[in-house]
Amino acid sequence: MNKRLWSIGVSLALGSAIVTGVYAQELGLDEGWSIGGQALTRGQSADFTRDFFAGTRYLIYANGSENAQDIDMEIVDSRGRVIVQDTRSLKDAAVEFSPSYSGQYTIRLKMARASGRALAFFAVFSDDGWNVPMQNVTAAFSRLTAITSLAQLADYQIARFYGFVMRVGEMQSITLNGVGRGPHAAVAVGDNFARDLDIAALQGGRAIGIDTMYDALPIAEFNSSSGSLELRVSYEAGSGPSLVLMALLEQSPSAALLGRTGRL
């Protein structure tokens, strides 16, 4: 097992640390898509565009896996203007802002310094967000860690992930650009409230991978063509609102080079 990839997986369990310090400000995880992350190498950046609303106070906190050494963050408006940024030479970054107008803003993460390939991730908190107990955050990230560890045995590695607080019967969708060609997998996990989650990957409006079995750990393997990819997660059954994490896994470069195809 590649120990660097293992360290990336373990660090996801530490994602519960993103909540540290924000409850003191009476903030909670924002509605809808509130967590995101991507694997980057030094100098690379990743953009995450979502809706923000005027009159709401937001705190966005970013951090990374063990081998991430310096992560910078910018909030960019629809005109490309940087609204606020944190470019300190630290592993974590935090910005607070209240938009003057509602619309789409981009959270830009930059891996300023890292040892190899590392994960950069963020969480969005707001005044009227979800007060998610620490044990629920830990449960969801621990399950994603377990899936990531299993994926490494099949020569897959995590590429991107997203998080939502979801109600039973709710569906969330993310459209990803720049997804490479070849073997991928989409997975979803929830906290202790979730009993049944479904996941699907679509390209060109057609499902290319789907898992609708009754379980809380759906895995859909598929081969993608280059271009955009839509991931959908549905919260089918559970005992209350759940923190749900959805991840895109890709075949590791070494496995692709050797022509190996593993299965999760």
- Message: Using Cα springs under 10 Å in a Gaussian network model of the chain, which residue among PHE125, PHE53, PHE161 shows the largest mean-square fluctuation?
- Response: PHE53
- Query: Which of SER115, SER234 comes first, and how do the rest follow, when ranked by fewest Cβ neighbours within 10 Å?
  - Reply: SER115, SER234
- Task: Evaluate the Debye formula for the chain with equal point scatterers sitting on the alpha carbons, no solvent, and hand back log10 of I(q)/I(0) at q = 0.08 Å⁻¹, in q order, two decimals.
- Result: -0.29
- Message: Loop only by DSSP, 16 or fewer other Cβ within 10 Å of the Cβ. Give me the trypsin sites (Lys or Arg not before Pro) in the range 63-136 that pass, ordered by residue number.
- Response: ARG79, ARG81, ARG88
- Task: Could you please rank THR138, THR56, placing first whichever residue has the fewest other Cβ atoms within 10 Å of its Cβ?
- Result: THR56, THR138
- What is the fewest-to-most order of ILE210, ILE174, ILE158 by other Cβ atoms lying within 10 Å of their Cβ? ILE210, ILE174, ILE158
- Query: Hey, got the dipole for the chain? About the Cα centre, +1 on K and R Cβ, -1 on D and E Cβ, debye to the nearest 20?
  - Reply: 940
- Item | Tail weight of P(r) past 23 Å, computed on alpha-carbon pairs of the range 29-121, percent | 21
- Length released on extending from ARG195 to ASP51, taking residue separation times 0.36 nm less the Cα-Cα span: 48.9 nm
- Charge dipole (the chain, unit charges on Cβ, about Cα centre) - positive-most of ALA139, ALA186, SER102: ALA186
- Query: Label ASN177 and ARG113 with points 7 Å out from Cα along Cα→Cβ: what is the distance between them in nm?
  - Reply: 3.1
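Rule-based calculations on the coordinates, nothing more; no lab input. Just so you know, these numbers come straight off a predicted model, no measurement behind them. Backbone-built Cβ (ideal geometry, glycine too); neighbour counts: all protein chains shown.
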